Amino acid sequence: MKRISALAVTLAAVAMLAGCGEKTADIDGARIAAADKNAGEWVTHGRTYGEQRFSPLDKVNVASAGQLGLSWSFDLPEDRGVEATPLVADGVMYTTSSWSIVRAFDAKTGKLLWEFDPQVPRKTGVKACCDSVNRGVALWEGRVYVGALDGRLIALDAKTGKQVWSTVTVDQSKPYTITGAPRVIKGKVLIGNGGAEFGVRGYLSAYDARNGKMLWRFYTVPGEQTTDGAASDAAMKIARPTWNGEFWKVGGGGTVWDSMAYDPDLDLLYIGVGNGTPWNRDIRSPGGGDNLFLSSVVALKPDTGAYVWHYQTTPGESWDYTATQHIILADLTIAGKPVKALMQAPKNGFFYVIDRTNGKLISANNYVPVSWATGIDPASGRPVETPNARYGSGPALAMPGPLGGHNWQPMAFSPKTGLVYIPAQEIPFPYMQPGGANANFRYEPGAWNIGVDSLIAAMPDDQAGIKAVRASLKGRLIAWDPLTQTEKWSVKHSGPWNGGVLATAGGLVFQGSATGELAAYDAATGKKVWSFDAQTGIVAPPISYEIDGEQYIAVMAGWGGGFALTIGAGADPRSDGPRRVLVFKLGGKSKLPARPVSTRDFPALPAVTGSPAQIAAGKTTFATYCGVCHGSSAVSDFSIPDLRYSPVITDAAVFKGVVIDGDRVENGMVSFSRFIDAAKAEAVRQYLLSLAHGERDRLAAAKPRK
Ligand code: CA
């Protein structure tokens, strides 16, 4: 063994001293717990462990907000959805873009400090139901943690962006993906995953922040075995009797793909659990059952992953009504008594106030129109379902639909106003048994396995129909009083799928919109006091931080995500604008680069040669396998190619090459040869050609576009 030289020892000592001098991202539990005393920072996903997304900064306020201007911006090279919450510690901003790419910026100047690309294989993209997005990083003791889309959890050096360790958290042969932000509690990095639409078994895992060693895993739904040797074994004894049939063959679902919160005093970790695989309970669990812990909030001990309590928002989930939506912890006074509350507005349309010490329901009321239940029974905590809510005796047009009354876009709670600000939406959906009977459902590994008819839910392919759909889709920012369970005020947007929310001590609520407007509203009244044209749709939530006495407002801009891909064209988004980091301060004088002009031209379209029967067959195949990414009825928001405009459809051999042979795998378009043969591919092409001709003729007949 080589002897260590005196020089090496000296150099090491100097390096250690330098390390002590700069405490870059030296975050620990005490610092996160003290976040309200460090008002200028944003060191964990929801700013505090309680995830209120409330900034105590108040220099930007109702009176001064009009002076907000752009301080700096950074145009991202990626062109997919951007959903991240940036974190800011010690003057550095850490954020993510699509394909799990991490960047660090000087938070004052916008100078790029480093970039880390985990090189996610682009073929992973088709495993992601809802775009190749990422919602942000976690910080802990000088390191940055990111969950990569392909299921890796990666630790980076916060100073350099160099990888320290990487561990695979999923069976990569299965359709698991990670889009959520990790959280760190007492040196344990917590990460879940998604994939329930395709067929997986959900769980949350804890890893040692120092070395990536797995410490515990909590499965949210039972497996085939009575024990997994996992933290969830005892809880599965409660869950197993609520299931029927051979659900484990397709995984059962219940993924923990986004929300978590932590109460350090109670030492309880709260996780939000997703929908079942498939959505349709008649198929998933024949004979019924609540199917625990689908669509539940579950409280765990963070040291061991041991189960403490659960509250199931949608027993026997059958509509993709996940309870993975943002969880907020707050101490409220209800009927004169202090209550440790947990609040959530899950997809199912009801706003819940739950006692977070024991999981008991305090109150619930619908925050958007709801058709599947008339209310939540206060005694049992269970919904009172309407007749045919489960679409057993024919199609049921339901509100909310699978995209929810509220999706992943975070809410915010202001302790000053006592209000929760919800990025709400109204997107109805016609649920129907597949082919009119369950018997026609066939699980296909890696395909979209939802167990409901996907053709009846397809976007109409005529203009009147599309117009009618657009008119039925709504989006609002709702200020909700959790004490009275009523709406205090709301702001109407032009459509659904707008941005997450930030509340501040300056009496403001910030939210971006699908149309690219970042706005500040008076938190008490909803009056708009400032806005900025980002030139691109916004879905990510804003944050606030302070450096050298100046308050900053930051947001990631760039439209995308589940709604955008499937029926984004049903809204009126600015989906093809640049993806950006935008940072504002009072008196900011920077200017955005000019918005690139988008051109959408049809290729030279050959004649449609397919028979009506072939085109109809192509439509069915498209609705089953393609529409979830390329847009329902091939009407895309252009963040993934609108195939009506694609030269690929003009040539049978090229089209087959892409669909069957995987010629565009580097873009994320894998081969679909497991599901689609050459004849089916040609039928899809003929269907797309017929749509392209129709759209071209319609636009030619209409007034020329400006
Ligand atoms: Ca889902």
SASA check, residue 108, accessible area w/ 1.4 Å probe, all protein chains in place, rounded to nearest 10 Å², comes out at 80
Per-residue accessible area, 1.4 Å probe, largest first, puts 362, 191 in the order 362, 191
Expected field for residue 214, accessible surface area in Å² at 1.4 Å probe radius, rounded to 10, holds 80
So for the chain, using the alpha carbon gyration tensor with a ≥ b ≥ c as root eigenvalues (a/c under 1.5 gives rounded; past that, a/b versus b/c decides prolate or oblate), I'd call it rounded
With +1 on the Cβ of every Lys and Arg and -1 on the Cβ of every Asp and Glu, the dipole magnitude of segment 612-702 about its Cα centre, in debye rounded to the nearest 20, is 200
For residue 117, the accessible surface traced by a 1.4 Å probe with all protein chains present amounts, in square angstrom to the nearest 10, to 50
Put 532, 510 in order of accessible area, largest first, probe 1.4 Å, and you get 532, 510
So, over other residues within a Cβ distance under 14 Å of residue 52, counting Lys, Arg +1 and Asp, Glu -1, the net charge is +1
Taking a ≥ b ≥ c as the square roots of the Cα gyration tensor eigenvalues, with a/c under 1.5 meaning rounded and otherwise prolate when a/b beats b/c or oblate if not, segment 300-343 comes out oblate
Segment 296-348 and segment 422-498 have their Cα centres apart by a whole-number Å value of 23
Highest mean packing first, using Cβ neighbours within 10 angstrom, the peptides 575-581, 195-201 sort as 195-201, 575-581
Over 26 Å (Cα to Cα) among 347/492; 111/527; 127/591 -> 111/527; 127/591
Under the Karplus relation with 6.51, -1.76 and 1.60 and θ = phi - 60°, whole-Hz ³J(HN,Hα) for segment 253-265, x at Gly and Pro, equal x, x, 6, 9, 9, 8, 7, 8, 8, 9, 10, x, 5
About its Cα centre, the chain carries a charge dipole, from +1 on Lys and Arg Cβ atoms and -1 on Asp and Glu Cβ atoms, whose size in debye to the nearest 20 is 520
Largest-first ranking of 257, 372 by accessible area, probe 1.4 Å, whole protein assembly kept, is 257, 372
Once the in-chain neighbours fewer than 8 apart are removed, the lysines whose Cα is under 17 Å from residue 123 read 174
XL table 108/159; 159/416; 108/162; 59/159; 37/159; 162/188; Cα-Cα > 26 Å flagged, in table order, is 159/416; 59/159
Partner lysines whose C-alpha sits under 24 Å from that of residue 237, ignoring same-chain residues fewer than 8 away, are 249, 301, 360
Everything considered on the Cα gyration tensor (a ≥ b ≥ c; rounded for a/c under 1.5, else prolate if a/b is larger than b/c, else oblate), segment 251-392 must be described as oblate
Taking the dipole of the chain about the Cα centre (Lys, Arg +1; Asp, Glu -1; charges at Cβ), the one of 455, 229, 575 that reaches farthest to the positive side is 575
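The values are calculated or read from the model by the stated rules, or taken from the named source; none is laboratory data. Nothing here was measured: the structure is a model prediction, and the numbers come from that model. Backbone-built Cβ (ideal geometry, glycine too); neighbour counts: all protein chains shown. Surface accessibility is based on the protein's heavy atoms, side chains included, excluding ligands, DNA and RNA. Shrake-Rupley method; radii C 1.70, N 1.55, O 1.52, S 1.80 Å.
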